[in-house]
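Undergrad: Okay, here's the structure, questions in a sec.
The values are calculated or read from the model by the stated rules, or taken from the named source; none is laboratory data. Source: prediction; values computed, not measured. Cβ placement follows ideal geometry from the backbone for every residue including glycine, while neighbour counts extend to all protein chains displayed. The accessibility values were calculated without ligands, DNA or RNA, using every heavy atom of the protein model including side chains. Shrake-Rupley method; radii C 1.70, N 1.55, O 1.52, S 1.80 Å.
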Amino acid sequence: MCGIIGVTGREQALPKLIEGLRRLEYRGYDSAGVATVTNGQINRLRANGKIANLAALADSEPLGGLAGIGHTRWATHGRPSEKNAHPHSDGRVVLVHNGIIENYIDLRAELEASGRLFSTETDTEVIVHLISTLIDAGKPPREAVVLALRKLQGAFALAIMFAGCDNLIIGARRGCPLAIGYGTKQMFLGSDALALAPFTETVSYLEEDDWVELTPEGAQIFNSENVQVDREVRPIASSGYTSSKGEFAHFMLKEIYEQPSVIGDALASLLNPVQRTVELSWMDLDLSRLSRVTVIACGTSFYAGLIAKNWIEKYAKIPVECDLGSEFRYREIEMEPGGLTIVISQSGETADTLAALRYAKKQGQQILAVVNVEESSIARESDAVLLTHAGPEIGVASTKAFTTQLIALACFAIFIALERKKITVDQASDLCDALVQVPSAVNLVLGKSSSLSEIAKVVAPANDVLYLGRGPSYPVALEGALKLKEISYIHAEGYAAGELKHGPIALVDDEVPVIVIAPSDALFEKTASNIQEVAARGGRIILFADRKGLEKLRDFVEVAFEVPETDAMITPIVYTIPVQLLAYYAAVQRNTDVDQPRNLAKSVTVE
């Protein structure tokens, strides 16, 4: 979850470290720090809280040095504090770490028994003392790092510097991403290409158990056998990122309003609007004999998978199992060789999803990735990739990444249904026509956002909120509840509307808003019955429906929002927009940190 950055070159490192950390803040913002080595000595600055606190400290106490490392933290071991902030150092070795060292308790006990003194609560500090102990024993820095890495169990991306070595940075990875940026007489290290985009146009990626020596002159990469290797150097894909919110108060609102544009970009990459076809014939996957599809994801991406399950089962007539990345592989499922596993991850680095991908691959599955980052680990390890083209998403609560995932998955559902001859060419064309209408339908919703700000006044004072939906609207209810929890800190739960009477109805009273997702589809009448059950018990109903649905149910609801009437396939995408906006406005009214909600990080790279 944490973000790391390294710079070595011919210019002052500190400004680049701070800029890189700003771009990595989505990965964690509990604390931050930087270190440089100048005239053979390690110098550090650390601050609790967000990067702005560190930047202010750096302005008042600037660090000199042409090489340095930086870190923004999402706390795993040890509470957020300046003491636990990275970089960690014993005066001889200084390093930053993303990941979790699983055997740190045993290593710490061993090191303390040898006389080493620890000053933090973190698992990371054991790495410092391991390396330093080996240097004490006469090993040069390079050899000390290699020997220390062999003792570590768990996941890590590391950037390490040494007293007496002003220009040297050693990086290493296992289970966590690490990119190398190439410049003229300067080199960079970062958790992802986004952090390196202002400084370089080309990057390479360390592979599992690689480590690298960086100097201003270049990079020497070694594999787990300590054999020097070459890794592909490629153009950076994230250089278009801008940190400006423009006219918007928050990145999240900006990204909500970008959805018509990025959905159009996603459609342009997957659809031929003239021929009204999905163009995925380039995928080297055998879809003809599939008996089951497995979808694996976490968080918001999991809800995208649940909607995809509905589409694939409805149109392609294939059973779909949808599972959480954090649960999937521990059941030791036996998978059919040649089957298809779809993994969904915005960052392409989600640790649980990546581990599940590797399990499925060992079981002989074909892997299709739906990701937003072309250079990500999940993309590189998959057999085929559907890029969502959402562009960088800075707000921690996912918005445009989710809807573009749905676009990619909808296109795949049409493609596989046609490949298997479960729908006709004309039916596929009609579904493509529906998808082409999504940007304009989303624009219509955005044009009425002020009414959602008013509706949020009903939600913002609540302690508990229920969301209800049926069929593909059920995952939208789950996503709506998650968004509200994430950024407003209101307890919210999403339920399949038919499950209301099996327990959740006990929570209904005049203090619990019940938000209902009810497009006029084949399940509308069933949902209408659930609404009447809530109304009969004095519940406060907020209804999202099209005009036809509002006319039938207006007498039963306290507040309603009209959503454009659309084809049934695209209703989950269109209805997502008002639940995003409702959560946003509720959070604003509660004065929470919308873009960086407490305890969260954008990219979950630890299990």
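Undergrad: Return the total of residues in the range 432-451 being touching a Phe, Trp or Tyr at 6+ places or on another chain (Cβ under 8 Å) and open to solvent by 20 Å² or more (accessible area, probe 1.4 Å).
TA: Residues that pass the stated criteria total 2.
Undergrad: Would you mind stating whether residue 302 is touching a Lys or Arg at 6+ places or on another chain (Cβ under 9 Å), surrounded by 20 or more Cβ atoms within 10 Å (Cβ to Cβ) and among the aromatic types (Phe, Trp, Tyr)?
TA: No, not satisfied.
Undergrad: Taking the conditions exactly as written (among the β-branched types (Val, Ile, Thr), more than 30 Å from residue 414 (Cβ to Cβ) and in a loop (DSSP other than H, G, I, E, B)), does residue 514 satisfy them or not?
TA: No, not satisfied.
Undergrad: Turning to a different aspect of this structure: Taking the range 105-143, which residues are open to solvent by 70 Å² or more (accessible area, probe 1.4 Å), assigned to a helix (DSSP H, G or I) and either charged (D, E, K, R) or touching a helix residue (DSSP H, G or I) at 6+ places or on another chain (Cβ under 8 Å) (or both)?
TA: Hits for the range 105-143 are 106, 110, 112, 136, 142, 143.
Undergrad: Is the range 410-426 home to any residue that is touching a Gly at 6+ places or on another chain (Cβ under 9 Å) and either surrounded by fewer than 18 Cβ atoms within 10 Å (Cβ to Cβ) or among the hydrophobic types (A, V, I, L, M, F, W, C) (or both)? Step through it out loud before you land on a result.
TA: As a first pass, look at the range 410-426 and keep what is touching a Gly at 6+ places or on another chain (Cβ under 9 Å): none.
Within the range 410-426, not a single residue is touching a Gly at 6+ places or on another chain (Cβ under 9 Å) and either surrounded by fewer than 18 Cβ atoms within 10 Å (Cβ to Cβ) or among the hydrophobic types (A, V, I, L, M, F, W, C) (or both).
Undergrad: Show me the strands (runs of 3 or more DSSP E) found entirely inside the range 1-56 where at least 2 residues are in contact with a His (Cβ under 9 Å, 6 or more places away or on another chain) and closer than 9 Å to residue 72 by Cα.
TA: The strands (runs of 3 or more DSSP E) meeting that bar are 3-8, 31-38.
Undergrad: Do the conditions hold for residue 336, that is, is it open to solvent by 10 Å² or more (accessible area, probe 1.4 Å), closer than 27 Å to residue 389 by Cβ and either in contact (Cβ under 8 Å) with a residue 24 or more places away in the chain or assigned to a loop (DSSP other than H, G, I, E, B) (or both)?
TA: So residue 336 does not fit the description; no.
Undergrad: If you don't mind, another one. Considering only residues that are in contact with a strand residue (DSSP E or B) (Cβ under 9 Å, 6 or more places away or on another chain) and open to solvent by 10 Å² or more (accessible area, probe 1.4 Å), which ones fall in the range 506-522?
TA: Across the range 506-522, the qualifying residues are 507, 508, 509, 510, 511, 512, 520.
Undergrad: What number goes with the only condition from (1) free of Cβ contacts under 8 Å to residues at least 24 places away in the same chain; (2) part of a helix (DSSP H, G or I) that residue 418 does not pass?
TA: Result: residue 418 passes all but (1).
Undergrad: Checking the conditions here, which among 489, 467, 474 is in contact (Cβ under 8 Å) with a residue 12 or more places away in the chain and within 19 Å of residue 535 (Cβ to Cβ)?
TA: Details: 489 fails: within 19 Å of residue 535 (Cβ to Cβ); 474 fails: within 19 Å of residue 535 (Cβ to Cβ).
Unique residue meeting the criteria: 467.
Undergrad: Say we look at the range 259-295 and pick out the residues that are among the small types (Gly, Ala, Ser) and in a helix (DSSP H, G or I); which of these is least open to solvent (accessible area, probe 1.4 Å)?
TA: So the residue we want is 266.
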